[in-house]
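Accompanying notes for the structure given below.
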Amino acid sequence: MPSITVPSITDRPIDEREVVRAVARHGAGAVLTFAGTVRSEHLGRPVTSIEYHAYETMAARELARIEEEAARRWPDVAARIVHRVGLLQVGETSVLIAVSSPHRAEGFEALRFAIESVKERAPIWKKEIYPDGHAWLEGS
């Protein structure tokens, strides 16, 4: 299958089908996705929107490293990570990860590894916006 180029950092809505096509392979028996979305409350406090900021070139490199590390740990896995920046409303997708693998077990492991690594390592910050103010959050 032809390789599809999908930007890893974008200010546009994430197209799940495009990200899935980027990892699709004939040998894949499983294609798994994780979508992180803007929630309407956090710790009991209503959230109206979230603003994501990134050191874009460094974040893109780190997301590529995470994809490569997943492929090294699980050699038959292909992974693609896309993170959105800018102001997102409740329900919008902020991060989408697609993983393809011959079997689901290693796919689920790689998917969990990818999202946890993004939260720990990518220079991406979020500001939750509330009806009465805002707060910068780390790793959530």
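The values are calculated or read from the model by the stated rules, or taken from the named source; none is laboratory data. Small disclaimer: the values here were computed from a predicted structure and weren't measured. Reconstructed Cβ throughout: ideal geometry from the backbone, glycine too, with neighbour counts over all protein chains shown. Note: accessible area is taken over every heavy atom of the protein model, side chains too, but ligands, DNA and RNA are not part of it. Shrake-Rupley method; radii C 1.70, N 1.55, O 1.52, S 1.80 Å.
Within the stretch 32-45, being over 15 Å from the mean Cα position of the chain (by Cα) and either acidic (Asp, Glu) or outside any loop (DSSP other than H, G, I, E, B) (or both) holds for Glu41, His42, Arg45. Looking at the stretch 46-63, is at least one residue in a loop (DSSP other than H, G, I, E, B), open to solvent by 50 Å² or more (accessible area, probe 1.4 Å) and within 20 Å of Ile129 (Cβ to Cβ)? Within the stretch 46-63, one or more residues are in a loop (DSSP other than H, G, I, E, B), open to solvent by 50 Å² or more (accessible area, probe 1.4 Å) and within 20 Å of Ile129 (Cβ to Cβ). With respect to (1) in a strand (DSSP E or B); (2) farther than 21 Å from Ala105 by Cβ, the lone exception for Pro7 is condition (1). Taking the stretch 66-85 as the range and being in a strand (DSSP E or B) and exposed (fewer than 15 other Cβ atoms within 10 Å of the Cβ) as the test, no residue passes. A single entry from Val95, Val90 fulfils the requirement of being touching a residue at least 40 places away in the same chain (Cβ under 8 Å), open to solvent by less than 30 Å² (accessible area, probe 1.4 Å) and out of contact with any helix residue (DSSP H, G or I) (no Cβ under 6 Å at 6 or more places or on another chain): Val95.
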